[in-house]
Amino acid sequence: MPATQPQTHHTIEKIGGTSMSHYSAIRDNIILKPQSGTGPYQRVFVVSAYGGITDKLLEHKKNGAPGVYGQFANSLEDSSWLQSLEALRHELHSINASFFDSDIALQKANIFIDERLNDAKQCLLDLHSLCKHGHFSLALHLDTVREMLASIGEAHSAWNTATLLKRDGINARFVDLTAWRSNKHLPLDERIRQAFSDIDLNTELPIVTGYAHCQNGLMSSFDRGYSEMTFSRLAVITGASEAVIHKEFHLSSADPRVVGEDKAVPIGRTNYDVADQLANLGMEAIHPKAAKGLRQNNIPLRIKNTFEPEHAGTLITGDYVSNKPCVEIIAGRKGVYALELFDQDMAGKYHDYDTQVIAIIKRFKADVISKDTNANTITHYLSTNLKTMKRMRSELERLFPEGEVNQQKVAIVSAIGSDMQAPGMLAQAVQSVAKNNINILAIHQSIRQVDMQLVVNENDYNQTIQSLHQALVEVHDHGRAICLAS
């Protein structure tokens, strides 16, 4: 496919890590059942690492438990990362054994991943030795180490998937964007163009690594969202007609585990505004920066359930607005820290205070989910850990000795929709929660009116979601859309 002649009838599709662990479902439900009915070709698949593997290469995404990278980065005197790397090798071999049923095929699969692991091991040993000398700092190399380790997971799953599909009669092609052993540092777009310069989508099915090595480093900008950026840029550069993400669940009106599978409703249509609000809560349909490219180039995004291939999934576009004011999704996040700064002298000097608080939050790399202010108080709602939280609090107490700094662990629950501009909607939300004796700590709603956020105690998280879902979703007809009657 010539890079200078974008096609408009192919799709770029991404497969999530949990789905990747079920090869037969990928083959039968995704590859052999394209929505267009055109067969397996004119499609490109960007694959994630198998479920849980990136957690073991880097760190656990939810609880922060260190993987190989975390152990290597934390101490030059500790060699526990070596044991973790060997344990990971054993697990990757076990994954291979579950997929390849012949000794020759299994041997080839193990040789491929062993070459990557052995290269990485030697690089880390050399760096470990080098940085024991005072002139070299490990910290200066950690971003590169993180990128190198992350790439192993996607290389493993992409090579395996391409090889298995070939075995099953599909002309799949392994497309390695990791630049392993390459001495060229290219921009991401150029890396993609070079890799696709001789691919014929009419006869080949590219299986592409979710990690792509590039000049500026994907992880420094997108961290664990790097595979979605690769997916997005592929769609934009090749002029895809649609971008598709295959997950192990539907994008639904709420988490079925919280409200009940009989009450959660798959969402048929929504827009990129809603996707951004979900990402802000850590429930990404797609990383906001990846969504930006799709939105700007008018490429629709479809979210599909791997295990229900007949379902059309959720179509996300830039221009969609529900035909009535809608609450489409009730979503939320637990484990949020509220960091509050009160200072009597803040009145009239808000910007001076806010600038300094934001600088501290940025320095400690905490993510801001939301914030609220009044004359003498600024409260930021943060995604971070307790250790970082204590450090930020100490720094604020040092900077503002006459102020009062407080922290509290809370939950944020949002009602989200492409159009929520209806009188009384916020009142309904508040009443539904109050009726269940839930104390609302804070409320946020912007003029754009695509979401409203309720801050509650962590213990009230599930009941708040259930209350809002019951009041704003379950009472309405669930045909094509979930709407609040005007």
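Across the range 351-486, Cα pairs under 8 Å and at least six residues apart give a relative contact order of 18 percent. Computed as a quarter of the hull surface, the mean projected area of the alpha carbon convex hull for the range 87-196 stands at 8.5 nm². Using every Cα-Cα pair within the chain, state what percent have a distance larger than 38 Å. Here the tail beyond 38 Å accounts for 32 percent of pairs. Averaging the sequence gap over all C-alpha pairs within less than 8 Å and six or more residues apart, then dividing by the number of residues, gives the range 141-290 a relative contact order of 19 percent.
What are the membrane-span-like helices in the chain by this rule: whole DSSP H runs, Cα extent along the axis at least 15 Å, mean Kyte-Doolittle hydropathy at least -1.0?
Qualifying helices, which must be both long enough and hydrophobic enough, are 80-99, 103-130, 142-167, 226-238, 350-363, 461-472.
Dipole magnitude for the range 372-486: about 280 debye, using +1 per Lys or Arg Cβ and -1 per Asp or Glu Cβ, origin at the Cα centre.
Of interest is the spacing of the C-alpha centroids, which for the range 140-204 and the range 347-378 amounts to 41 Å. For the chain, the relative contact order works out to 15 percent when only alpha carbon pairs closer than 8 Å and six or more residues apart are counted.
Residues in the range 321-431 average 50 Å² of solvent-accessible surface per residue, probe 1.4 Å, ligands and nucleic acids excluded.
Size of the range 206-299: Rg and Dmax of its alpha carbons, in Å, are 14.7, 48. Rounded to the nearest 5, what % of the DSSP beta bridges within the chain are antiparallel ones? Antiparallel bridges: around 60 percent, rounded to the nearest 5. Quick one: with all protein chains in place, what share of the accessible area of the chain is carbon or sulfur, to the nearest percent (1.4 Å probe)? Carbon and sulfur together cover 48 percent of it. Given a cut-off of 28 Å, name the pairs among LYS247/LYS292; LYS263/LYS334; LYS362/LYS409; LYS14/LYS108; LYS324/LYS435; LYS184/LYS387 whose C-alpha atoms lie farther apart than that in the structure shown. The answer is LYS184/LYS387. Along the axis of the charge dipole computed for the range 250-382 (Cβ charges of +1 for Lys and Arg, -1 for Asp and Glu, origin at the Cα centre), the listed residues VAL274, SER370, VAL259 are led at the positive end by VAL274.
For the chain, the longest piece that avoids every one of the trypsin sites (Lys or Arg not before Pro) found in DSSP loops with at most 11 other C-beta atoms within 10 Å covers 185-348.
The values are calculated or read from the model by the stated rules, or taken from the named source; none is laboratory data. Since the model is a prediction, treat every value here as computed from it, not as a measurement. As a convention, Cβ positions derive from the backbone with ideal geometry for all residues, glycine included, and neighbour counts pool all protein chains shown. Keep in mind that these areas ignore ligands, DNA and RNA; they rest on the heavy atoms of the full protein, side chains included. Shrake-Rupley method; radii C 1.70, N 1.55, O 1.52, S 1.80 Å.
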